[in-house]
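Working notes for the structure below.
Each reported figure results from applying straightforward, stated rules to the coordinates on display, with no laboratory input. Not measured: the values here are computed from a predicted model. Please note: Cβ atoms are built from the backbone with ideal geometry, for glycine as well, and neighbour counts cover all protein chains shown.
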Amino acid sequence: MPSSNSSIAKPAAFLDRDGTLIEDSGYVGEPGRVRVLAGVPEALRLLGEAGFDRIVVTNQSGVARGMFEEPDVERVHRELQRVLAQDDGAVDAFYYCAHLDDDCDCRKPLPGMVQRAVAERGLDLERSVVFGDRAGDMMLARAAGIPGILVNPYGEYAGPEPLYRARTLLDGVRFFLERVHV
Ligand SMILES: [Mg+2]
Ligand SMILES: [Zn+2]
C-alpha cells in the first residue's frame with residue numbers, strides 16, 4: 001500500500017465507461033467513435049468538487065478478441081479526456097481489463113481494478129461508490145462492498161438491486177451527493 005492516512009484519503013467514484021460516460025456502440029476502439037453522453041462533464045465536475053477521485057473501470061475484451069490493441073484503448077481514453085476537458089469535466093485515472101476469460105482478476109464483476117486503484121492511489125474504499133449501466137457493474141459494487149448506482153433507466157435489468165436507478169449519470173451523481181454522501 002502506498003502511504004496514506006485514512007483521515008485524508010479520498011473516496012472514489014468508480015465509473016463504467018461504455019453506456020455510462022460514452023455511448024455504448026460496441027467495442028469502441030477508435031477515438032472517432034467517442035460520444036460523451038449528456039450531462040457527463042457536469043457529473044464528473046460535481047464529483048471532483050465533492051472530493052472524489054474519478055476512476056474509470058472498464059472491461060475492454062475487444063483487446064483479447066483481437067479487435068483492437070491496448071494503444072487503441074489508450075487513444076480512446078485520451079480522446080475522452082480531451083472532450084471532457086472542453087467542458088471542465090475530467091477523469092483522474094483509467095483502469096481497463098483487456099482480458100476475456102481465466103487468468104484474470106480484473107474483468108468486472110471481479111473487483112481487481114477497484115482493488116488496484118485503491119492500493120495505487122491510497123483511496124478510502126468505504127466512502128466510495130460505483131456507477132454503471134449493467135448488472136456486472138452492480139455486482140462489482142457488491143463484491144467491493146460499496147453502493148452501486150445503476151445508470152440505466154429503461155433497459156432490461158436483471159442484477160443485484162442498485163442503491164438507486166438513475167436516468168443519467170448526472171441524476172445518479174446528484175442523488176448520491178445529496179442523499180448518501182456525508
Ligand atoms: Mg457499460
Ligand atoms: Zn482482466
Original post:
Longest segment of the chain with no GluC sites (Glu not before Pro) in a DSSP loop having at most 15 other Cβ atoms within 10 Å?
Top reply: 70-155
Subject >> Positive minus negative residues near residue 48 (Lys, Arg vs Asp, Glu; Cβ under 13 Å) >> reply: -3
Original post:
Under the rule of -39500 (n - 2.57) per DSSP H run of 4 or more residues, summed and divided by the residues of the chain, what mean residue ellipticity at 222 nm is obtained, to the nearest 500 deg cm²/dmol?
Top reply: -8500 deg cm²/dmol
Original post:
What distance in nm separates the simple spin-label points at residue 35 and residue 115, each placed 7 Å from Cα in the Cβ direction?
Top reply: 3.7
Subject >> Dipole magnitude of the chain, debye to nearest 20 (Cβ charges: Lys/Arg +1, Asp/Glu -1, about Cα centre) >> reply: 360
**OP:** Apply the Karplus parameterisation 6.51 cos²θ - 1.76 cosθ + 1.60, with θ equal to phi minus 60°, to every residue of region 71-76 and state each ³J(HN,Hα) to the nearest whole Hz, in sequence, with x for glycine and proline.
**Re:** x, 5, 4, 5, 5, 4
Original post:
Relative contact order (percent) for the chain, with alpha-carbon contacts under 8 angstrom and 6 or more residues of separation?
Top reply: 25
**OP:** Compute all pairwise cysteine Cβ distances in the chain, then list the cysteines with no distance under 4.7 Å to another cysteine.
**Re:** 104
**OP:** Take every Cα-Cα pair in the chain and report what % of them are more than 28 Å apart.
**Re:** 17
Original post:
Of 68, 176, 52, how do they rank once you tally other Cβ atoms within 10 Å and put the fewest first?
Top reply: 68, 176, 52
